[in-house]
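Each remark here refers to the structure printed beneath this line.
Since every read-out is calculated from the coordinates, none of them should be taken as a lab result. Everything numeric here is computed off the predicted structure, so don't read it as measured data. Note that each Cβ is placed from the backbone with ideal geometry, even for glycine, and that neighbours are counted across all protein chains shown.
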Protein chains: 2
Amino acid sequence: MKFMCSRDRLNDAISIVQKAVSTRSTLPILDGILIEASRDDGVKLTGYDLETGIEAQLESDIRENGAIVINSKLFGEIVRKLPEENVVIETDEKMTINIESGPSVFSIKGLSAEGYPKIPEVTDAQKVILMQGILKEMIRQTIFAVSTDESRPTLNGCFFVCDGTSVEMVAIDGFRLALRKKEVGSDLPIMKFIVPGKALHEAGRILGGKDTELVVYSSQNHILFDTGKVRIVSRLIQGEYMNYKAILPKSGETEMLISTAAMLSAIERASLIILSEDRRCPVQLSMPSDEVLVISASTELGTLREEIAVSIRGEKVDIDFNPRYFIDALRAIDEEEISIQFSGSNGPCVLKPTEGEEFAYLVLPLRR
Amino acid sequence: MKFMCSRDRLNDAISIVQKAVSTRSTLPILDGILIEASRDDGVKLTGYDLETGIEAQLESDIRENGAIVINSKLFGEIVRKLPEENVVIETDEKMTINIESGPSVFSIKGLSAEGYPKIPEVTDAQKVILMQGILKEMIRQTIFAVSTDESRPTLNGCFFVCDGTSVEMVAIDGFRLALRKKEVGSDLPIMKFIVPGKALHEAGRILGGKDTELVVYSSQNHILFDTGKVRIVSRLIQGEYMNYKAILPKSGETEMLISTAAMLSAIERASLIILSEDRRCPVQLSMPSDEVLVISASTELGTLREEIAVSIRGEKVDIDFNPRYFIDALRAIDEEEISIQFSGSNGPCVLKPTEGEEFAYLVLPLRR
């Protein structure tokens with residue numbers, strides 16, 4: 001194998017595929033990046049931890065076809081430090097990879113590409129075209145609520161629902177729910193599937209450009225995010241997702257309009273005196289009048305009390321929350337003002353837009 | 001105690017004194033910051049780990065004198081998150097500290113200032129005035145060679161020598177030496193002392209402004225760096241410093257002129273394939289001609305070979321080094337070109353300016 005390429009583009013491609021290279025694998029070959037050069041398909045880099053696989057195309061001048069596996073961390077460090085923009089990569093019959101740039105010549109021991117596992121082909125797939133920026137935002141706005149509790153595997157991913165015109169993403173961890181919905185077109189295929197949190201996390205870091213398209217392919221067992229230059233493949237989580245529509249109350253007994261930023265910063269301050277280890281210490285919300293929300297917290301370190309101007313309709317409630325859940329939801333909301341619906345002191349609380357149904361964040365209170 | 005101040009200035013002062021607050025103390029009061037307000041002296045914040053003490057003055061509007069100790073980490077986090085620029089700090093007779101800013105009121109439990117240890121007074125001191133930027137640079141350029149081996153306490157600090165016109169700073173760790181010298185005036189006091197590495201490290205992070213003065217006071221047992229707004233006090237290390245002038249060879253058998261940046265980046269690349277845990281793997285220097293230096297490394301991961309254009313006078317040598325020592329020294333050098341003097345394959349190697357004596361970095365080779 002022999003090809004010439006740009007150091008900076010090679011560096012970008014390595015950074016992308018490294019996100020799928022397992023860091024604690026028991027098989028040395030999985031610590032590696034697969035490099036494949038073919039005059040027909042160009043140069044392709046691959047990282048794969050047997051669950052999520054990422055392939056990146058690299059613009060190159062190929063002199064000789066071939067393939068090899070090189071340690072991911074070492075390869076990344078070397079390329080980042082190369083002295084010149086022109087790089088020549090060449091392998092010999094002893095599985096040595098020469099990396100040459102200006103006056104520097106590295107010779108690194110590689111592994112045979114034959115031992116590298118194959119990323120599954122996504123065949124018989126349905127597809128939907130999305131803007132990368134939209135998917136990236138929807139991931140950021142829901143992924144924090146994906147459960148890490150392995151006893152309920154279906155909750156370890158985000159549920160995607162495409163109903164023909166919109167895409168809905170849902171994550172639930174037993175104490176809260178995050179839902180985002182976006183109209184994305186018409187005549188789209190009807191489909192639903194559960195994508196593992198890790199694959200989505202990596203996709204969220206790689207996706208960019210607001211105005212760039214992305215094709216999402218889903219088959220029975222796999223999903224493929226294809227940007228043209230980068231392909232992210234993941235297994236899907238099998239099973240029936242929780243019936244989240246039954247959990248989301250249609251309306252609450254109390255509705256409050258509040259500034260997102262004011263509520264977020266007050267709860268962040270309250271969380272400073274709530275020891276993170278001690279989940280029993282809540283943030284307390286109370287409503288002395290229809291125009292005032294009092295946010296307070298009290299622990300052995302001290303107390304915080306803060307008032308926020310709001311507009312309340314219905315029964316006033318006193319209610320306790322884990323501040324983390326509110327902070328995650330409020331950070332995911334871009335709207336300046338939101339509506340929060342309460343159903344008594346022990347019922348779920350739902351953060352919604354003041355108009356429309358683009359999002360819903362449900363948080364269960366801590367029982368008093 | 002009651003005073004009003006600016007959130008941002010309070011935040012700056014906390015960040016400065018926090019550098020002297022011990023993070024793993026057994027006495028809770030040492031995790032705290034001492035706040036003292038007096039109409040005569042203003043508001044002063046203090047952090048002290050019984051070795052290094054830092055005091056910062058804070059511009060304030062004092063309404064009531066007093067003093068209290070508050071947990072450093074919590075105080076820092078709270079002030080950073082306060083919603084408005086105006087802050088009111090007030091204590092009550094129960095040692096509660098109220099921190100009020102806009103709609104937020106924190107009430108935090110404090111500790112009595114009476115239990116806080118006194119920072120030593122630096123009396124009968126000699127003094128020298130330096131520019132902060134010069135001292136900051138000299139610290140950065142020597143501190144990495146301070147020994148952490150506690151069996152030779154005098155090497156756990158930087159040796160300062162003021163000979164009447166110049167200041168010299170020296171650090172030695174048994175394998176290398178770093179020396180910086182700067183002409184700073186005339187008619188200065190003759191003095192020498194050993195400052196603990198930790199105090200210098202913190203001073204280096206706090207000192208700023210190239211054009212701002214700093215007074216250094218030294219007594220028998222203590223040193224005080226005084227910027228006017230900030231005072232850093234440290235004990236001095238007692239004992240006789242190593243006779244470093246006897247170690248530094250006057251000249252070498254071989255002299256090489258080389259680009260600092262080219263040598264640094266080549267050795268950084270070589271270090272990528274030298275496992276940091278395996279100190280026996282050296283960077284190898286060899287001189288195939290009077291105009292070429294070859295830098296190479298070879299480990300079980302692979303090899304690197306790189307040529308640099310140089311100018312060599314005298315005997316050509318092959319020599320092995322720990323790359324870390326060269327990297328630290330080369331990063332501390334601002335000059336584009338340096339002179340390196342070798343004394344055979346097993347003798348010390350000295351990095352010097354091509355003219356003058358403003359610095360010397362001695363590195364011992366690894367024996368072949």
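Each listed q (0.22 Å⁻¹) maps to a log10 I(q)/I(0) for the stretch B:75-123 from the Debye sum over equal C-alpha point scatterers, namely -0.81.
Let a ≥ b ≥ c be the square roots of the eigenvalues of the Cα gyration tensor of the stretch B:1-40; is it rounded (a/c under 1.5), or, if not, prolate (a/b larger than b/c) or oblate? Taking the square roots of the gyration eigenvalues as a ≥ b ≥ c, the stretch B:1-40 is oblate. With the label put 7 angstrom out from Cα along the Cα-to-Cβ vector, residue B:150 ends up 4.0 nm from the copy partners, going from closest to farthest. The equivalent ellipsoid that matches the C-alpha gyration tensor of the stretch B:218-273 spans semi-axes of 38, 22, 12 angstrom, in descending order. For chain B, the longest principal axis of the Cα atoms and the long axis of helix B:7-18 meet at an angle of about 60 degrees. Per residue of peptide A:77-90, the mean number of Cβ atoms on other chains within 10 Å of the residue Cβ is 2. About the centre of its Cα atoms, chain B shows a dipole size close to 680 debye [charges on the beta carbon of Lys, Arg (+1) and Asp, Glu (-1) only; nearest 20 debye].
Within the listed set B:253, B:300, B:268, the Gaussian network model of chain B (springs between alpha-carbon atoms below 10 Å) gives the highest mean-square fluctuation for B:300. The C-alpha atoms of the stretch A:247-368 occupy a region whose extents along the principal axes are 41, 28, 27 Å, arranged from largest to smallest. Relative to the longest principal axis of the Cα atoms of chain B, helix B:197-206 runs at roughly 70 degrees.
Can you give the net charge of the other residues whose Cβ lies under 11 Å from the Cβ of residue A:155, counting K and R as +1 and D and E as -1? Present the calculation step by step, with values, prior to reporting the outcome.
Details: positive: A:152; negative: A:149, A:150, A:173.
Summing Lys and Arg as +1 and Asp and Glu as -1 gives -2.
Shown here is the pair-distance distribution of the stretch A:26-75: with all Cα-Cα distances grouped in 5 Å bins from zero up to the longest one, the shares run 5, 20, 28, 24, 14, 7, 2 percent.
Any idea what angle helix B:260-272 forms with the longest principal axis of chain B, computed on alpha-carbon atoms, 0 to 90 degrees, nearest 10? Taking the Cα atoms of chain B, the angle to B:260-272 is about 90 degrees. Relative contact order for chain A: 13 percent, from Cα pairs under 8 Å spaced at least 6 residues apart, divided by residue count.
Dipole orientation for the stretch A:267-345: of the candidates A:333, A:267, A:281, A:281 has the Cα lying most toward the positive pole (charges on Cβ; Lys, Arg +1; Asp, Glu -1). Shielding of peptide B:68-75 by partners, expressed as the average count of other chain Cβ atoms within 10 Å per residue Cβ, is 1. In the protein assembly as shown, a dipole from Cβ-located charges (positive for Lys and Arg, negative for Asp and Glu) runs towards its positive end, and of A:200, A:346, B:165 it is A:346 whose Cα lies farthest in that direction.
When only Cα pairs under 8 Å and 6 or more residues apart are kept, what is the percent relative contact order across the stretch B:1-81? List each step's numbers first, then the result.
Details: 166 pairs, mean separation 32.1, N = 81.
With pairs under 8 Å counted, the relative contact order is 40 percent.
Note the direction-averaged projected area, equal to a quarter of the hull surface, for the Cα convex hull of the stretch A:1-91, in nm².
Reported value for the Cα convex hull: 5.3 nm².
How large is the dipole of the stretch B:176-326 about the Cα centre if only Lys and Arg carry +1 and Asp and Glu carry -1, each at its Cβ, rounded to the nearest 20 debye? All intermediate terms of the calculation are to be shown ahead of the outcome.
Values: 20 positive and 20 negative charges, 152 e Å.
It comes to approximately 740 debye.
Just how far, in whole angstrom, is the stretch A:296-323 from the stretch B:13-51 if you go by their alpha carbon centroids? The distance from the Cα centre of the stretch B:13-51 to that of the stretch A:296-323 comes to 32 Å. Cross-link reach is defined here as a Cα-Cα straight distance under 29 Å, omitting same-chain residues fewer than 8 places apart; for residue A:210 the lysines meeting it are A:19, A:44, A:127, A:136, A:181, A:182, A:192, A:198, A:229, A:352.
Compute the projected area of the convex hull of the Cα atoms of the protein assembly as shown, averaged over all viewing directions, and report it in nm² to one decimal place.
Projected area, direction-averaged: 38.7 nm².
Rounded to the nearest 20 debye, the dipole size of the stretch B:1-77 about its Cα centre is 180 debye, using +1 on the Cβ of Lys and Arg and -1 on the Cβ of Asp and Glu.
Using the Cα gyration tensor of the stretch B:234-305, with a ≥ b ≥ c the square roots of its eigenvalues, what is the shape: rounded (a/c below 1.5), prolate (a/b larger than b/c) or oblate (neither)?
Verdict is oblate for the stretch B:234-305.
Which distance in Å, rounded to a whole number, links the C-alpha centroids of the stretch B:103-133 and the stretch B:192-226? A separation of 15 Å, based on Cα centres.
Based only on other Cβ atoms within 10 Å, what is the fewest-to-most ordering of B:169, A:242?
Details: B:169 22, A:242 16.
Ascending Cβ contact count within 10 Å gives the list A:242, B:169.
When the helix-only estimate is applied to chain A (DSSP H runs of n ≥ 4, each -39,500 (n - 2.57), divided by the residue count), what is the mean residue ellipticity at 222 nm, nearest 500 deg cm²/dmol? It would help to have the intermediate numbers written out before the result.
Working: 7 runs with 68 residues, N = 368.
For chain A, the value works out to -5500 deg cm²/dmol.
Scaling the Cα radius of gyration of chain B by the globular reference 2.2 N^0.38 Å produces a ratio of 1.19.
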